[in-house]
């Protein structure tokens, strides 16, 4: 059983009722949509940490800071990423699906990081979070046989973006003097830029993982839409 009527039959039924052709983007297009959309989303999601992180940390604690960032991710996700879901009615369904799966991912990542700390905590949190998200996505699309592929794509690409971003953040912060467009940045601005660059790397990696995950989950949906299109063409 699928969630939010995202199974192949449900999507095909909505496409038939709409009377409009439904796009079936290739893997490259889906991954690119994920990377572009989630990178923009990630920069916005990292902004509370980069811009007001100290104030938030003092007033609501470390866990509260991370939850604020997660909330930004969820709120802005729909307009930027809903086209990863095939067929009509994708915006509302994406909000429901991403809100649920990203909440699970965030809680498990925060738990892993705050329990173990360091690279081990990050890696444990990423593995737990992407495993939960991948399983939930596969269930939502009624694509359980593809669960391992979905989890692998999310974990590997998310981890690459996350750790590459952490390395770049450390390198930028460690520079004695950094200029941008001919202006020497203050240390606070340099730190903010470093954190936002981490957001860019994280967004590219996680966005690519989401692109692969949604493509894998909707293989049968694309087949159902292709069959529907053939049936419509035979009527004319």
| task | Quick one: residue 104 ticks every box in (1) free of Cβ contacts under 8 Å to residues at least 40 places away in the same chain; (2) not in a helix (DSSP H, G or I) except a single one, so which number is it? | result | (2)
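Suppose the filter is within 21 Å of residue 129 (Cα to Cα), in contact with a helix residue (DSSP H, G or I) (Cβ under 7 Å, 6 or more places away or on another chain) and either surrounded by fewer than 19 Cβ atoms within 10 Å (Cβ to Cβ) or in contact (Cβ under 8 Å) with a residue 40 or more places away in the chain (or both); does residue 73 pass it? So that I can check it myself, show each step before the final result.
Values: within 21 Å of residue 129 (Cα to Cα): yes; in contact with a helix residue (DSSP H, G or I) (Cβ under 7 Å, 6 or more places away or on another chain): yes; either surrounded by fewer than 19 Cβ atoms within 10 Å (Cβ to Cβ) or in contact (Cβ under 8 Å) with a residue 40 or more places away in the chain (or both): no.
Judged against the criteria, residue 73 is not a match.
Mind telling me which of the residues 120, 116, 108 ends up being surrounded by fewer than 20 Cβ atoms within 10 Å (Cβ to Cβ), in contact with a helix residue (DSSP H, G or I) (Cβ under 7 Å, 6 or more places away or on another chain) and more than 26 Å from residue 27 (Cα to Cα)?
Numbers: 120 fails: in contact with a helix residue (DSSP H, G or I) (Cβ under 7 Å, 6 or more places away or on another chain); 108 fails: surrounded by fewer than 20 Cβ atoms within 10 Å (Cβ to Cβ).
The conditions single out 116.
When segment 17-51 is examined, which residues are found to be part of a helix (DSSP H, G or I), in contact with a helix residue (DSSP H, G or I) (Cβ under 8 Å, 6 or more places away or on another chain) and surrounded by fewer than 17 Cβ atoms within 10 Å (Cβ to Cβ)?
Keep residues of segment 17-51 that are part of a helix (DSSP H, G or I), which gives 17-18, 27-51.
Among the residues that remain, those that are also in contact with a helix residue (DSSP H, G or I) (Cβ under 8 Å, 6 or more places away or on another chain) are: 27, 30-51.
Across segment 17-51, the qualifying residues are 27, 32, 36, 51.
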| task | Give the residues of segment 107-118 that are in contact (Cβ under 8 Å) with a residue 12 or more places away in the chain and over 24 Å from residue 213 (Cβ atoms), sorted by residue number. | result | 114
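Go through 172, 150, 184 for me and flag whichever is at pLDDT below 95 and crowded, with 18+ Cβ neighbours inside 10 Å.
Working: 150 fails: at pLDDT below 95; 184 fails: crowded, with 18+ Cβ neighbours inside 10 Å.
The match here is 172.
Any residue at all in segment 54-70 that's free of Cβ contacts under 8 Å to residues at least 60 places away in the same chain, within 15 Å of the chain's Cα centre (by Cα) and either in a helix (DSSP H, G or I) or surrounded by fewer than 19 Cβ atoms within 10 Å (Cβ to Cβ) (or both)? Step through it out loud before you land on a result.
Filtering segment 54-70 for residues free of Cβ contacts under 8 Å to residues at least 60 places away in the same chain gives 54-70.
Now narrow it down to the ones that are within 15 Å of the chain's Cα centre (by Cα): 69-70.
Pick out the ones that are also either in a helix (DSSP H, G or I) or surrounded by fewer than 19 Cβ atoms within 10 Å (Cβ to Cβ) (or both) and you get 69-70.
Yes: one or more hits.
The values are calculated or read from the model by the stated rules, or taken from the named source; none is laboratory data. Everything numeric in this text was worked out from a predicted model, so none of it was measured. Glycine gets a Cβ as well: all are built from the backbone with ideal geometry, and neighbour counts include every protein chain shown.
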